[in-house]
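What follows is one structure encoded as structure tokens, with my remarks underneath.
Laboratory data are not the source of any read-out in this text; all were calculated from the coordinates shown. As the structure is a computational prediction, the values presented were derived from the model and not from experiment. All Cβ positions, glycine included, derive from the backbone under ideal geometry; neighbour counts span all protein chains shown.
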Amino acid sequence: MAEKILVTGGAGYVGSVCVALLREKDYEVVIYDNLSAGHREAVTGGAKLEVGDLADRARLTEVFATHTPDFVMHFAASCLVGESYHDPILYYRNNVANAANLVDVMIEHDVRAIIFSSSCAVYGEPVRVPMTEDDPKNPINPYGKTKLTFEHLLEDCDAAHGLKSVALRYFNAAGATDELGEDHDPETHLIPIVLKVPLGLLDGVEVFGDDYPTPDGTCVRDYVHVSDLAAAHESALGILRQGKSERINLGNGNGFSVLDVIRASEHVTGKNIPSKVSPRRRGDPAALVAGAGKAADVLGWQPSYTSLETIIETAWKWHKEHPHGYRD
Ligand SMILES: NC(=O)c1ccc[n+]([C@@H]2O[C@H](COP(=O)([O-])OP(=O)(O)OC[C@H]3O[C@@H](n4cnc5c(N)ncnc54)[C@H](O)[C@@H]3O)[C@@H](O)[C@H]2O)c1
């Protein structure tokens with residue numbers, strides 16, 4: 001019988017691509033999403049959508065009792081770093097308290113295996129680049145703190161209740177599949193913002209700081225394709241089946257600067273993309289690049305999209321077809 005996976009946040013960007021892959025591989029999939037940032041149109045492949053909020057324990061209980069999942073993949077979260085500075089309570093409530101409801105209901109229903117969408121934000125300012133899993137974790141924004149707190153909660157529930165967890169610490173998710181792409185409101189991620197210029201939706205790109213200690217002075221990030229993230233989730237199920245818990249970085253292991261992204265986007269789209277430099281933003285480390293060795297060793301995972309241009313090409317194809325996101 002096919003394994004059944006409950007996917008919280010499965011109507012969002014990364015979750016929807018993961019759901020599509022799981023359905024291709026014949027897993028049964030139930031999505032739990034309040035559609036606060038997700039899209040009904042992003043639910044594909046015959047996955048079942050249960051609309052509900054993680055805050056709603058009774059609804060969660062009903063969904064677990066109805067569907068009796070084997071595993072949980074937990075994508076649902078509040079995920080805007082800037083907003084987390086202004087409204088930390090929202091972040092602790094959603095990413096910790098609401099997520100604790102999920103774990104509580106899981107244990108109640110004897111579901112003891114979860115894959116959690118963690119983030120490179122748990123490390124804060126890196127002590128070295130590339131960053132490896134055992135490096136110090138000193139998150140510098142409330143968003144990153146909530147992700148780390150939930151990792152701690154999972155570790156404590158492993159000790160107390162035998163709950164096995166794989167926390168996948170994504171670097172910058174990027175790119176699209178033919179059907180599924182990035183549609184956040186507000187959009188804060190660099191590639192979709194840059195692509196708004198050739199789409200005629202923005203006049204230019206704001207570059208926050210050009211005096212970082214990086215080769216061109218702009219921030220360096222590690223872009224990992226959303227389909228590669230989805231593949232890593234499927235591989236991570238293998239760790240849970242062995243009854244193990246792990247924390248694993250998911251990145252390409254290569255850093256690209258903001259200016260690299262702009263130049264590559266000009267090349268992909270054939271359009272000029274003007275930019276202007278603004279002051280640095282609070283809490284932006286100079287460079288975040290994954291040491292991706294553990295993902296290769298433990299998951300047997302290698303990203304298939306290693307070129308920045310190819311990642312941007314996939315995003316450009318989707319955004320050209322959906323200039324206003326799923327509303328199109
Ligand atoms: N996108 C990235 O670059 C990135 C990087 C690191 C980590 N992550 C993490 O990956 C996960 C997915 O990110 P994304 O970019 O797909 O985000 P997203 O906003 O597109 O998706 C999140 C989904 O969760 C749902 N949701 C939020 N709160 C909920 C609640 N209380 N109850 C039910 N549903 C709820 C939203 O409606 C949305 O569909 C998040 O946990 C995020 O922190 C993302």
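Computed over the chain, relative contact order equals 18 percent, with contacts defined as Cα pairs under 8 Å that lie 6+ residues apart. Ordering K145, K276 by the number of other Cβ atoms within 10 Å of each residue's own Cβ, fewest first, gives K276, K145. Distance between the C-alpha centres of segment 149-187 and segment 52-76: 16 Å, rounded to the whole angstrom.
Helical content of the chain, expressed as a calculated mean residue ellipticity at 222 nm, amounts to -10500 deg cm²/dmol (DSSP H runs of 4 or more residues, -39,500 (n - 2.57) each, divided by residue number, nearest 500). For the chain, a crude dipole built from +1 on the beta carbon of Lys and Arg and -1 on the beta carbon of Asp and Glu, taken about the Cα centre, is about 280 debye to the nearest 20.
Here the Karplus relation 6.51 cos²θ - 1.76 cosθ + 1.60, evaluated at θ = phi - 60°, turns the backbone of segment 147-157 into coupling constants of 5, 5, 4, 5, 4, 4, 4, 5, 4, 5, 6 Hz, with x for every Gly and Pro.
For segment 87-126 and segment 204-248, what is the separation of their Cα centres, given in Å? Centre-to-centre distance over Cα atoms comes out at 18 Å. Taken about its Cα centre, segment 273-328 carries a charge dipole of about 380 debye when Lys and Arg each add +1 at the Cβ and Asp and Glu each add -1 at the Cβ. Within the straight-line cut-off of under 27 Å between alpha carbons, the lysines reachable from K25 are K4, K48, K164, K244, K294, K317, sequence neighbours fewer than 8 places apart in one chain being disregarded. Footprinting exposure proxy ranking of L308, L80, fewest other C-beta atoms within 10 angstrom first, gives L80, L308. Enter the Cα centre distance for the pair segment 281-328 and segment 15-46, rounded to the nearest angstrom. So the two Cα centres are separated by 19 Å.
Close amide-amide hydrogen proximity is noted between G124 and N138, I140, each under 5 Å apart and 5 or more residues distant or on a separate chain (H modeled in the peptide plane; Pro and chain starts excluded). Near the amide H of Y170, under 5 Å away, which other amide H atoms are found, from residues 5 or more places off or on another chain, if H is placed in the peptide plane? For Y170, the qualifying residues are S118, S119, C120, L250. Taking every alpha-carbon pair within segment 1-147, the share separated by more than 20 Å comes to 50 percent. In order along segment 112-125, phi translates into HN-Hα couplings of 10, 8, 9, 10, 10, 7, 8, 8, 5, 5, 5, 7, x, 5 Hz, rounded to whole numbers, per the Karplus curve 6.51 cos²θ - 1.76 cosθ + 1.60 with θ = phi - 60° and x for Gly and Pro. By the gyration tensor of its Cα atoms, with a ≥ b ≥ c the square roots of the eigenvalues, what is the shape of segment 1-77: rounded for a/c under 1.5, prolate for a/b over b/c, or oblate? Oblate shape, in that a/c is at least 1.5 and b/c is the bigger or equal ratio.
Under a model in which nothing but the beta-carbon of Lys, Arg (+1) and Asp, Glu (-1) is charged, segment 191-309 shows a dipole of about 320 debye around its Cα centre.
Less than 5 angstrom separates the built amide H of I31 from those of V7, K48, L49, E50, all sequence-distant by 5 or more or on a different chain. Exposure proxy shown here: for C157, C120, the number of other Cβ atoms within 10 Å sets the order, fewest to most, as C157, C120. Hydrodynamic estimate: the Kirkwood radius of the chain over Cα pairs, inserted into Stokes-Einstein at 20 °C and 1.002 mPa s, corresponds to D of 107 µm²/s. Our summary gives segment 223-328 a relative contact order of 40 percent, counting only alpha carbon pairs under 8 angstrom and 6 or more residues apart. Couplings for segment 304-313, taken from phi via the Karplus curve 6.51 cos²θ - 1.76 cosθ + 1.60 with θ = phi - 60°, read 8, 9, 9, 9, 4, 4, 5, 4, 5, 4 Hz in order; Gly and Pro are left as x. Given axes a ≥ b ≥ c from the Cα gyration tensor, I'd like to know whether segment 94-188 is rounded (a/c under 1.5), prolate (a/b larger than b/c) or oblate. In terms of gyration-tensor shape, oblate.
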